[in-house]
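One structure is given below, encoded as structure tokens.
The values are calculated or read from the model by the stated rules, or taken from the named source; none is laboratory data. Keep in mind the model is a prediction, meaning the values are calculated, not measured. Here the Cβ positions follow ideal geometry from the backbone for every residue, glycine too, while neighbour counts run over all protein chains shown.
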Ligand code: NCD
């Protein structure tokens, strides 16, 4: 891959780079006008999303037959990926792993730094750079906000950069989750995501999925957002400011029952108590933010119920049988969407569609 002008020009130190607006940083994580490192939901334009949805649809289709699966499985058989997931993960890890396998990418993994030289005092940055020597792509989940971005920034300054794909970064972003969420909306609404009322529910303050999904809404027309949360866990001001800047109307409310009637999609989330400093979540009554079986009567026939999973009690299990509950499909969509993204990053997406 060619290094771009942005790459070769002198770059400021990390401390100066990190606080810059995302829109200024995006060129540094791009190559030849394409996304290279996937770190921010803001990197997905509407055109790119449409291209990735078409690629993901084609992948599902082509791989139904062995010939097609073999063809797709040869597209990146010369590539190796490292999955560096040092924060609990089941579905995102498995989803990326299987997406790699669909394309023939061979994989290795680190899930626990206690088995790496970090215990000998090596910095996480050096550890990751070491891994990068052996592979062609790093897929990374990390609890520290900015760490995935810093890795991409560091790697882009070396003579042998490899794409870095975020599988979830601290409380701030989870761009590929947002990708699979809009892919799910796209499939649920027959390709027409414009003019929809999207309701996001739960711990909006600390949930990175709802943050990334909010950013993606700028790509669609006449979207209305409702943020339903306990007072303690309201959506952060940076997202609200982003929505104002992009003229996306939103309301904040605790009246879940009131807003669900007009919802086209209800996006449920769990309480993110792993971020508690002193068990503060325990004092919050989360039960008004549950979706119960009886609520199925209150929502539109065409409304979809989504959840990034894992779930606790925020969606009653008996809701799963309703055709409007799409969260299990949403999970599977993730594998195809991530495979489409990797195919695009390595420039083989045109061989699938
Ligand atoms: C989410 C995450 O890790 O942010 N899970 C996921 O990736 N599907 C949501 C969560 O943990 O609540």
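Checked against (1) away from the ligand (no atom under 13 Å from the Cβ); (2) over 30 Å from residue 56 (Cα atoms), residue 299 passes all but a single condition, namely (2). Scanning segment 242-292 for residues being within 22 Å of residue 197 (Cβ to Cβ) and in contact with a helix residue (DSSP H, G or I) (Cβ under 7 Å, 6 or more places away or on another chain) gives a total of 16.
Applying the criterion of at least 1 residues that are touching a strand residue (DSSP E or B) at 6+ places or on another chain (Cβ under 9 Å) and more than 24 Å from residue 310 (Cβ to Cβ) to the strands (runs of 3 or more DSSP E) found wholly in segment 189-269 leaves 197-201, 224-228, 250-253.
Here the condition is being surrounded by fewer than 18 Cβ atoms within 10 Å (Cβ to Cβ), under 21 Å from residue 25 (Cβ atoms) and under 18 Å from the mean Cα position of the chain (by Cα); of 144, 90, it holds for 144 alone. Listed by position, the strands (runs of 3 or more DSSP E) contained in segment 63-180 that have at least 1 residues being within 16 Å of the ligand (Cβ to nearest atom) and either outside the structural domain of residue 20 (by TED's automatic domain parsing) or more than 23 Å from residue 214 (Cα to Cα) (or both) are 80-85.
Scanning segment 312-331 for residues that are within 12 Å of the ligand (Cβ to nearest atom) and either over 28 Å from residue 140 (Cα atoms) or surrounded by 16 or more Cβ atoms within 10 Å (Cβ to Cβ) (or both) turns up 314, 327, 330, 331.
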